[in-house]
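What follows is a set of notes on a single structure, which appears directly below.
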Amino acid sequence: NAGVMQNPRHLVRRRGQEARLRCSPMKGHSHVYWYRQLPEEGLKFMVYLQKENIIDESGMPKERFSAEFPKEGPSILRIQQVVRGDSAAYFCASSPMGHPNQPQHFGDGTRLSIL
Amino acid sequence: AQTVTQSQPEMSVQEAETVTLSCTYDTSESDYYLFWYKQPPSRQMILVIRQEAYKQQNATENRFSVNFQKAAKSFSLKISDSQLGDAAMYFCAYRSAVNNAGNMLTFGGGTRLMVKP
């Protein structure tokens with residue numbers, strides 16, 4: 001049973017470009033979480049999605065960031081007009097349902113570097 | 001809002017010895033879950049151990065055990081018989097047990113554990 005798959009593993013963008021990060025949850029999981037990890041810091045929650053719905057986006061920056069989890073296909077975290085401060089590791093986690101007693105399984109992350 | 005604090009940025013232990021990593025948290029909730037995650041240089045996030053707040057018994061997973069002090073809001077991780085492969089960043093995390101209360105994990109800032117051969 002494949003784990004949470006994130007791609008690309010590394011992504012380099014120039015300032016002003018768009019970054020698209022993909023996350024395929026574990027088979028049977030319909031809940032996806034995105035976290036951001038700045039260098040030398042812990043992970044910070046960004047957004048929680050179910051299929052076709054954003055449940056909680058309280059950790060998302062108000063501008064340039066968006067997320068979706070369509071009925072078919074992976075979840076996408078999109079960052080428009082990237083800036084140097086967006087350089088970070090972005091982790092996706094999934095769970096079968098949203099109940100708190102179910103552990104979140106993490107992908108290996110996407111390391112985003114902005115030139 | 002809940003906060004998680006790890007007061008030890010770095011810890012060092014001799015191989016085969018025991019080390020304890022500290023974690024405190026702040027919450028007004030009575031029911032929640034606590035976790036320790038390991039992040040090796042490969043940057044994967046690996047669940048080490050978890051504790052339900054309503055359980056008085058401390059969780060144990062092989063060489064890893066916790067000391068959960070609910071009144072003190074403390075959740076330390078003890079690693080026994082440390083191995084070189086234990087070297088990593090360790091993150092303490094909190095999750096509310098209230099269904100649909102965000103469901104996110106709140107992480108501490110991490111402790112870097114070094115293991116000396």
- Query: Just for region B:67-117: of the residues that are in contact with a Pro (Cβ under 7 Å, 6 or more places away or on another chain), assigned to a strand (DSSP E or B) and modelled with pLDDT of 95 or more, which one is nearest to B:I46 (Cα to Cα)?
  - Reply: B:A88
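Just need a number here: residues in region B:49-66 that are part of a strand (DSSP E or B), more than 15 Å from B:R95 (Cα to Cα) and either within 14 Å of chain A (Cβ to nearest Cβ) or open to solvent by less than 70 Å² (accessible area, probe 1.4 Å) (or both).
Our first condition is that a residue be part of a strand (DSSP E or B); within region B:49-66, this holds for B:49-52, B:60-61, B:64-66.
From what is left, the residues that are more than 15 Å from B:R95 (Cα to Cα) are B:60-61, B:64-66.
In the following step, the residues that additionally are either within 14 Å of chain A (Cβ to nearest Cβ) or open to solvent by less than 70 Å² (accessible area, probe 1.4 Å) (or both) were identified as B:61, B:64-66.
Qualifying residue count, region B:49-66: 4.
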- Task: All but one of (1) under 25 Å from B:Y94 (Cβ atoms); (2) open to solvent by 10 Å² or more (accessible area, probe 1.4 Å); (3) touching a residue at least 60 places away in the same chain (Cβ under 8 Å) hold for A:F65, so report the exception by its number.
- Result: (3)
- For region A:1-24, enumerate the residues that are surrounded by 13 or more Cβ atoms within 10 Å (Cβ to Cβ) and over 12 Å from A:D108 (Cα atoms). A:L11, A:V12, A:R13, A:Q17, A:A19, A:R20, A:L21
- Item | Selection count, region B:8-26, where residues are surrounded by fewer than 17 Cβ atoms within 10 Å (Cβ to Cβ) and under 26 Å from A:S58 (Cα atoms) | 1
- Task: Return a yes/no flag: does region A:69-77 have any residue that is surrounded by 15 or more Cβ atoms within 10 Å (Cβ to Cβ), touching a residue at least 12 places away in the same chain (Cβ under 8 Å) and closer than 25 Å to B:R112 by Cβ.
- Result: no
- Report, by residue number, each residue of region B:1-45 that is within 17 Å of B:Y90 (Cβ to Cβ), at pLDDT below 95 and away from chain A (no Cβ under 14 Å). none
- Message: Restricting to region A:78-106, give me the number of residues that are open to solvent by 40 Å² or more (accessible area, probe 1.4 Å) and hydrophobic (A, V, I, L, M, F, W, C).
- Response: 2
- Quickly run through region B:23-48 and pick out the residues that are in a loop (DSSP other than H, G, I, E, B) and either without any contact (Cβ under 8 Å) to a residue 60 or more places away in the chain or among the aliphatic types (A, V, I, L, M) (or both). B:S28, B:S30, B:P40, B:P41, B:S42, B:R43, B:Q44, B:M45
- Task: Could you pull out the residue among B:G109, B:G85 that is out of contact with any strand residue (DSSP E or B) (no Cβ under 7 Å at 6 or more places or on another chain) and at the interface with chain A (Cβ under 10 Å from one of its Cβ atoms)?
- Result: B:G109
- If you go through A:S66, A:S94, the only one that is closer than 30 Å to B:T111 by Cβ and assigned to a strand (DSSP E or B) is A:S94
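The values are calculated or read from the model by the stated rules, or taken from the named source; none is laboratory data. As the structure is a prediction and not an experimental result, all values here were calculated from the model. We place every Cβ from the backbone using ideal geometry, glycine too, and count neighbours over all the protein chains shown. Heads up: the accessible areas ignore ligands, DNA and RNA and are worked out on the full protein's heavy atoms, side chains in. Shrake-Rupley method; radii C 1.70, N 1.55, O 1.52, S 1.80 Å.
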